[in-house]
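Below is one structure, written out as structure tokens; comments come after it.
The values are calculated or read from the model by the stated rules, or taken from the named source; none is laboratory data. Keep in mind it's a predicted model, so treat the numbers as computed, not measured. Because the Cβ atoms are built from the backbone with ideal geometry, glycine has one as well, and the counts that use them run over all protein chains shown. Protein only, heavy atoms only, side chains kept; ligands, DNA and RNA dropped before computing areas. Shrake-Rupley method; radii C 1.70, N 1.55, O 1.52, S 1.80 Å.
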Amino acid sequence: MSRKSENTAFQCENCREQVTPLTNGSFRNHCPYCLYSKHLDIQPGDRASDCYGLMVPMGLDYSYKKGYQIVHECTKCGKVGKNKVATDTLQDDQIINYMKSIV
């Protein structure tokens with residue numbers, strides 16, 4: 001699967017917002033509004049999972065190499081994974097709103 005075909009618009013299954021593709025050279029794998037993701041991968045980017053459960057944002061992590069990442073947990077199978085925070089794009093991730101909601 002090419003990066004171009006991975007970077008497509010979608011409707012969030014959690015909050016129903018319309019999500020546009022990223023414009024910063026990366027590709028979108030979670031909603032910028034509610035930060036929910038969908039369990040599509042076994043290994044990052046492989047799209048090989050058959051779970052398809054919603055992944056709830058559980059926290060933030062920081063890595064020197066990758067920057068801030070959203071920690072997600074699948075509501076169906078319990079898998080925990082991380083996704084880089086989307087910045088410098090038309091729909092930046094609403095990290096500040098998320099942080100306010102967990103305090």
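Express in nm, to one decimal, how much length is gained between residue 60 and residue 27 on full extension, taking 0.36 nm for each residue of separation and deducting their alpha carbon distance. Could the numbers behind the result be given before it?
On the way: separation 33, 0.36 × 33 = 11.88 nm, distance 1.90 nm.
That pair, residue 60 and residue 27, stretches by 10.0 nm at full extension.
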Could you report the accessible area of residue 71 in Å², rounded to 10, computed with a 1.4 Å probe on the protein chains as they sit in the structure?
30
Phi-derived 3J(HN,Hα) across segment 34-40 with the Karplus relation (6.51, -1.76, 1.60, θ = phi - 60°), rounded Hz, x for Gly and Pro, is 9, 6, 5, 10, 10, 6, 10
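Give me the net charge of residue 42's neighbourhood, meaning all other residues with Cβ under 15 Å from the Cβ of residue 42; Lys, Arg count +1, Asp, Glu -1. Walk me through the numbers on the way to the answer.
Numbers: positive: 38, 47, 76, 79, 82; negative: 41, 46, 50.
Surrounding charge for residue 42 is +2.
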In Å², nearest 10: area of residue 40 left accessible to a 1.4 Å probe
50
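DSSP loop chymotrypsin sites (Phe, Trp or Tyr not before Pro) in segment 25-90 with at most 16 other Cβ atoms within 10 Å of their Cβ, which ones?
Numbers: sites: 27, 33, 36, 52, 62, 64, 68; in loops: 27, 33, 36, 52, 64.
Listed in order of number, the matching sites are 27, 52, 64.
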Between the alpha-carbon centers of segment 41-86 and segment 17-36, tell me the distance in whole angstrom.
13
Estimated distance in nm for a label pair at residue 18 and residue 50, the labels positioned 7 Å out from Cα along Cα-to-Cβ
3.4
